[in-house]
Every structure is written in C-alpha cells, then in structure tokens.
Amino acid sequence: MLFRFNKSIAAAAYILALPLTFLAGLLVWFVAQGRDPWLEAQGRRATLFNLAILGGYLVLTRFAPPVFLMVLWVGALIVNFLWAWRAARGVGMQDSQFQVPKHTSLAANAELAIPNPQPATRNQRRIQSGVALGFYLTAGAMLLLAPMHFDYRHALIASSHTPPNDPSGFLASLIWWPWAIGHHSNSIIPHGNWLVAMANVLWTASIPSLALLLAPVTHFCGAVVSYDIIAWLAPVLGAWITYLLAREITDKFWPSLFGGWLFGFSSYEFAHLLAFMNLFVTAVLPLAAWLYVRRRKGKLPRGWYIGCVAVVAIFQFGVSTEILASAVPLGLLAALADVFFRRPEYAVSCGAGTRAQKVRTASVQTLPPAGRWSLFLETFAGLAVAGILLLPCFYALFFVGYVRGVFGPAVLHSADPLSFLLPTVITWLGGAAAAPVSRHFGYPPDVGAYLGIPLILMLLLFIREFSHKPGGRVLIFMLAGCAVLSLGPNAEVLGHVSFIALPWSVPSHLPVFDKILPLRLVVYVWLAAAIMGAWWLAESKVRRGWKLSLAGLVVLFLFPDVFSGQWVHPVKVPPFFTTHAFARYLPRGAKVIILPYDYHGYSPFWVAQTHFYLTTPGGYVWARVPPILLRYPVVKAFYAGHPLGHDYLVQLRQFAATSGMQAIIIPDNDCYDSPALLAPLHIQPIHIGGVRLYLLKRLH
C-alpha cells in the first residue's frame, strides 16, 4: 500500500502547474527516500528539470515573445505529464522488493502483504483517471485562465468582441435563483424584478442547476468568479467524462485521453464559450452515455441506472431545456439503434420471469449485462421518472407564459456544409486566412461545426475498419444522422439558402422542436466523433506511427486561437451598485432605466448586484423584446442610443409617467453617448459611484 501511495503522490504532483512542479518533485523525492529508489530518482530529476525551466521562464519573461513562453510552458507540462504517467505505471522500477516471482502463489502473496492482481489493476485505472483529470485541468487553465492572467474576479471567460448581453444575463441568473429561493419569491415568474411584463424564466437561459450548485461561491466570491469557474470546468469535465466513456469502450489510456480532448476542447465548446453558458456545459451528454455503457456491461445495477438517468435528465433541464429536448429523442434513437445493431450473443438469457442474480467471482461482485430490449426500457423508465418529478416545471412551461413561435429562424441557425471543413475565427491554424469565407457561417458564438480535414480522414478510416461492428454502426449512424439534422430544414451554403428540403424540415414545425436550433445538434456530432477517434486509435490496424501523426494533426488543426484574447471579457461594475449608494436616493423596488439599454449593456447584472433592490424594464433575460415595451416609441430610441422623432421629448415624458420610472442611470464610461437621450429633459445628473443618476420625480 505504501508503494501505491507514493505512486499516487507522484501522479498528482507532476501534473501541477509549472511554478509548483519543482516543489512537487521535491516532495516526491523526500517521501520516496529509503522506500522506493526508482521514485526517488524520478523526483530528483523532476525537481532539477522544473527548477531550471522555472528559472529560465522568469529570466525570459521580459525578453521573449509570449508565444515562445507559452510553448516553453506547455512543453514543460508535457514532460511532467509523461513523468506522471511513468510514476503511475511504475515503469523502470528496478527494486527487487517490489517484484513478485511468477511461481509465487496467492498464499505467498498474502504473506508478503502484496495485493491480488485485480485490485492493483483497478487502482492503476484510478491513478490514470486522476492523471487524465489533472491534464485536462491544466490544459483548461492554460487555454482559458492564463490569457486573462488568472484575474477571474474582474474578467469573464467570454467574447471580447460581442455585446455583453448573454454573459450579463447568465451573471444575473447566478444571483437570481439563490436570492429568489432564499427570499421565498416566485423564482419562475419574477413579477417585475427584471421586466415590466411578467416573463417565465424557464423559457430563457436561466441555468438554475448551475446557479444553485455554485450558490456558495456566488455568495462569498461573487457571480463573476462563479461564471469563470463554470467556464473553466465545463470543457475539463466534458473531456474527463468522455475519457471515462472511451476508457470503458477501448480500455486504453492514450486513445481515451485523445477522445476526451476531442470532445471537451472541440471547436463547438470554444465557440460557445464566447457567450452561451447553457450550451457549453455539455458534460451531461457523455455522462449519460457512460452510464449506458456501464449498465450494458453489467457494472451498474438496474435501480441505480434508472435513478442516475433521472438525476442526469433533471440536472440537464436546469442547464438547458433546448439541449434536453434534443438529447431525449436522439438518446432513445441511439438506444434503439443499439438494439437493432447488436448481435444475439450479446443478450443474456436469465430465464423467464427471473431477475439477474449477482455472481461472485474472485471476491468481486459483477452483474450480468442487460438484455437487448431491457436496457432501452430502463432508459425510458429513467426519463419517465425525471418527467414525473419535473411535472410542476412542465406545467409552468406550457401553461404559464408559454412562448409561441420560434426563437430564431431555423434556416438562419443551421450548419453550413463547408463549416465542417473550413476553420473559423476561433481556430488558430488557418482561422484568419479563412475568415472571408467563414464569416458567412453565422454569429461566431454559434459556429462550432469545424471538424478539420485530419479528423474527417480519421472518421473515414474508422468507417472503413469498424462499420461491421455493432458499436461502430451505432456511432456511424448517430454521426451521420446528427450531421444531416444540423444542416437545418434547407441546405444553406455561404449564406445562400437552397430549396432542397432536408430531414429537419419535418420536426421543425412541431411544438417544442420548433424551439431547437439545428446548429446546436453539432454537439452530438462531436461526441460521436470523439468516441470514434478514440476507438480507431486503440484498435486500428494502421501502423502506430501513422496513427500518432494523424492524431497530432487533428489536435493541431483544432487548436483554438487563445493567443488573440477572444475569451477575455473585462467586467466593470460601478461602485454605485455594490456600495449601497443607490439606497440613499431611491426606495426599494424603484423602477429605473439603465443605459446602454437591454442587450447593449449590463443592466440585468447590475440590478442583480443590488440584490434586486431596484427593478428595470427590458433587462436582457428574454428571447425577444416584450410586447408591452414596444408600445412606447421611445424604447426604440433607447436601443438606438440617440433621440428619434420630433416628438421624442413628449414620448420620453409619457413613458416616465405611465411606467412609473423614477430614475435613469448611465455609467461614466459609457461609449454609446447615452447622455444625448436625456439632454432634452435638462436634468442635472448626480455623479456618484461611477454613474450619472438622473432623478425623474418631477416628471410624474
């Protein structure tokens, strides 16, 4: 046990960030002294190596370009990762006291206090899973936190080029749900906390699951820290759970690590990290597939499987109802495909009317694999349990504030066939060169279909070699089906919509499905591609050198352009909203207009910072502008940022009087020239806490 404990320390220590790795190597060196000569040598080498790299990094910081320093840092992390892998496996171990002769019996092993081979294998898998998690954590920190200089209190992992509408809404949601539940308020219908008109926040991207999960962090550290933690851990957990899924299928470390990287750090993930938290939290999808595979292998009891499926579905409902609405039918379709593609010998006959009995083998409990149809029925049962528990939420969705129509035209939110081949602005290699063409693919946070030529070649090789296997057929079916569905109801090439009808034209007119944007279905393409890539690396008959070269090209072609600073969005909150200065001039529940208006600014987040002491109409939490606000022509001027019409002053006075507005707030660093909107009123603003406060009491 002591030897394994030392290996665990080494596996965890070598994967830490570069400034701490020489200390970690030193720790392993001291712990292993007199106990494990091989680990002692490894710790000494790691200490000297990392100390030299750290010294060189500190010396070159002022002279070398950032790209060179990044390459140096990543190279050192790769070397440390390889050391961690060697320590986890015990490669190079020469001490005879840890070696057991082949003829030694189990009784002799017991006398030597050496565990049986089976527990050692499980322990090795756990160490390797920890190494994979450490690798993904470090990679996520280097790609997302390092560009913002780890200033996670004053910057968001979000787009630096798009308006702050979506990040601001998510920041407000992180504060809203704990506050509403803690104050016994109606958390689904805010009753004017954000809008003059009541709005059902379940139809918005309000992320209640994430808000409640991170409630302690939001309370003590703020919503910005919670947002950055979610944005950092979302690709990490997605990659790690995909690694576990691929490991269940391939039982090999390196191919599974590659498959996890493909899904967690895909172009889909980095595209949606620009703006959409409800879409970049995707770890639930590989988690559901991992539960399915474990149940199929008999590693998960029936009751636990049904309960886990229900919990996973409920959590996903609180992250993104859109993803859940597409995951349920596609997941059941994949289970049906698994039923029809599986061979008869995979089914286990347990006798008519009998239950699967637990079998004890080598003191390890195992379960018979699930039958062909029983697993599909168990999956359906788990979803049914989730549906029953979510009945109150479904009632609120469809009978209280139901949103009719679509959130966006499906034709304009579809994947371009060329987007699978051509890089976009978020891609480091070739993204800038292909920008004149890729700009036709759509809004940057919505473009995540880029697979790259190397990955497409790998998928084609997989189809050639594994199309005869049942599992391969299921993956190919889901990859092709989801890719075709993501093209939308009509084929669209470079912004030109054709009259060719595609399969999505059928469900796009059905209730609930009309709220799903086909472009979002690309996430299932990435999940299938990640598993296919891991499986191909693990079992392909292609030479190892060619496989590694192709895998390296895949990573290179998909590497995000983190050097451009696209995922660094500075956040500035005026002290007026954080120091309770608003309470000196405004009563609780006062209605205020915050400019820049709606999606041009941070109005919902700033109101949430006051713990909803203030209320504002038109805060960006709704998919469309509430109809009640469009009754006032002056609202169009708020969106435009300048007065409109010759009767603008009359409209402004009428709006303030009828809506009960008590003040208009404009930050001092406003870049939209918003004071021009209030110049006709001839009201002297109050400069306080980084804002200009216009009191409108005398207009009522």
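The values are calculated or read from the model by the stated rules, or taken from the named source; none is laboratory data. Predicted, not measured: the structure shown is a model, and the values here were computed from it. Positions of Cβ are generated from backbone atoms using ideal geometry, with glycine treated the same way; all protein chains shown enter the neighbour counts. For accessibility, only protein heavy atoms count, side chains too; no ligands or nucleic acids. Shrake-Rupley method; radii C 1.70, N 1.55, O 1.52, S 1.80 Å.
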| How much length is gained if the chain between residue 497 and residue 373 is pulled fully straight, taking 0.36 nm per residue apart and subtracting their Cα-Cα distance, in nm to one decimal? | 40.5 nm
| message | If you average the alpha carbon positions of the stretch 170-186 and of the stretch 643-662, how far apart do those two centres end up, in angstrom? | response | 31 Å
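With a Förster radius of 25 Å, plug the Cβ-Cβ distance of residue 578 and residue 184 into 1/(1 + (r/R0)^6) and report the FRET value to the nearest 0.05. Each step should come with its number before you reach the end.
Values: r = 25 Å, r/R0 = 0.99.
E between residue 578 and residue 184, to the nearest 0.05, is 0.50.
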| remark: Rounded to the nearest Å, the spacing of the alpha-carbon centers of the stretch 227-303 and the stretch 420-470 is 19 Å
| field | Pairwise label distance in nanometres, residue 437 with residue 45, each label 7 Å out on the Cα-Cβ vector | value | 4.6 nm
| remark: Label model pair residue 150, residue 340: point-to-point distance (7 angstrom along the Cα→beta-carbon line) in nm is 5.3 nm
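With Rg and the Kirkwood Rh both taken from Cα atoms, where does Rg over Rh land for the stretch 231-344? Before the final figure, lay out the partial values.
On the way: Rg = 14.5 Å, Rh = 14.8 Å.
When Rh is taken as the Kirkwood radius, the ratio is 0.97.
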| remark: For the stretch 474-601, the Cα-Cα pair-distance distribution in 5 Å bins from 0, as whole percents, is 2, 7, 10, 11, 10, 10, 11, 11, 9, 7, 6, 4, 2, 1, 0
| For residue 539 and residue 124 in the same chain, what is the full-extension length gain: residue separation times 0.36 nm, less their Cα-Cα distance, in nm? | 147.3 nm
| task | Ignoring everything but the protein chains, give the 1.4 Å probe accessible area of residue 321 in square angstrom, nearest 10. | result | 50 Å²
| remark: Surpassing 32 Å at the alpha-carbon level, of the pairs 469/515; 297/541; 515/547; 515/636; 515/541; 297/515, are 469/515; 515/547; 515/541; 297/515
